[in-house]
1. From the list Leu36, Leu74, which one is closer than 30 Å to Phe338 by Cα, modelled with pLDDT of 70 or more, part of a helix (DSSP H, G or I) and under 30 Å from the mean Cα position of the chain (by Cα)?
2. Looking at the range 233-262, I want the residues that are closer than 21 Å to Glu293 by Cβ and in the same structural domain as Thr284 (by TED's automatic domain parsing) and have a partner that is surrounded by 15 or more Cβ atoms within 10 Å (Cβ to Cβ) and among the charged types (D, E, K, R) with Cβ atoms under 6 Å, at least 6 apart or on another chain. Which pairs are those?
3. Quick one: in the range 206-259, which of the residues that are part of a helix (DSSP H, G or I) and among the hydroxyl-bearing types (Ser, Thr, Tyr) is surrounded by the most Cβ atoms within 10 Å (Cβ to Cβ)?
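The values are calculated or read from the model by the stated rules, or taken from the named source; none is laboratory data. Note that the structure is a prediction, hence the values are computed from the model and not measured. In this analysis, Cβ positions are derived from the backbone assuming ideal geometry, glycine residues included, and neighbour counts consider all displayed protein chains.
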Amino acid sequence: MGSFYDDIKKHQKEIYFVLAAVGIFLLIKYIVVFILPFVIAGIYVYIIRKPLLFLQKTKINKGFLSGLFLFLLLSVILILVWYIGMKGFFRFKEFVLRLGIYEKSISGFIHESCCSIEKNLGINSVYVENLIIDRVDILIENMEKDLLPGIVGQTFSYGKTLFSGFMFLIVTIIAAVLFAQDYDRILEKTKKIPFLGEMTLMVGKLIRTVGKYLLAQIEIMLIISLICFVGFLICDYNFPYLWALVTGFLDMLPFIGTAMVLLPLAVFQLLMGNEMAALILLITFVVSAIARELLEPKLIGKSMGIWPIGILASVYIGMKAFGTAGVLWGPLYLLTLFELYKRLYH
């Protein structure tokens, strides 16, 4: 009996680590979704606590300042998202409505390609061309009849989603105001409980690490966006800054990258007979990919102390475990375990 308890005591740290890993996983999987506005509000108040203390000299209520800052920040983000979304929607709508104009250029490209296939491989070009054109005609017809009306027909569903998001923001702002008002008292109570005090220190370190990670990603995104801006500007695209920001943002997302924008656009320019524009977009893709490969290990590894392959693996596993939200929860879970490991063993 004594040997059993001795073994448990001997491996006490390992048991704590495993139990904490399981508990944090269950928390993210099943509980966080219900308390997310309060978690975000708590993290937000922790981040701006020092500016709040400085501004408190003005005798303005901390809760009011906290809510005001968060409202302004969210307003700016929502305006940017709305602007980019509306621009993208109308561009896509214009593209769908002009598919008939593009059809002639696509047909010419297909004809030349089929003739080349017949010359090099001996396959009947007329048969291949008719087969491809039939499929393209069906695709264009379906897009004109179903895709755009389908998007417009989902207006009610979009409205429900927007209302849900609006309520989420309202609860987050109110929670931030209340947290800011009682922050000192909550912190004082937390320090008196050893476990919670240790958790507070670990969460603070985790927030700083995540902040460094996000700053590193933003730096990389801005550099990629600048590279893409030059490419779109040379190709004479309308709103090159908008194209560049969207491409840079997508590049920041795992498993997506600049290829999702630049390669289809390059193919489209080739179909339209703009070989030089297609080449410039292809060069832009190569340069942006090389830039990320050079910058990511240096900036991400330096800011987090974790190899980029670990972050990539956490994103993939996170998406399998938590769904789409795993893009964020996976790396956050890894960082939490990494910080817990350092606390236990160092």
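1. Details: Leu74 fails: closer than 30 Å to Phe338 by Cα.
On inspection, the qualifying residue turns out to be Leu36.
2. Gly257/Asp251; Thr258/Asp251
3. So the first thing to find is which residues in the range 206-259 are part of a helix (DSSP H, G or I), and the list is 206-234, 240-252, 259.
Cutting the leftovers down to among the hydroxyl-bearing types (Ser, Thr, Tyr) gives us 209, 213, 225, 241, 247.
Numbers: Thr209: 19, Tyr213: 19, Ser225: 22, Tyr241: 14, Thr247: 27.
Once the filter is applied, the top-ranked residue is Thr247.
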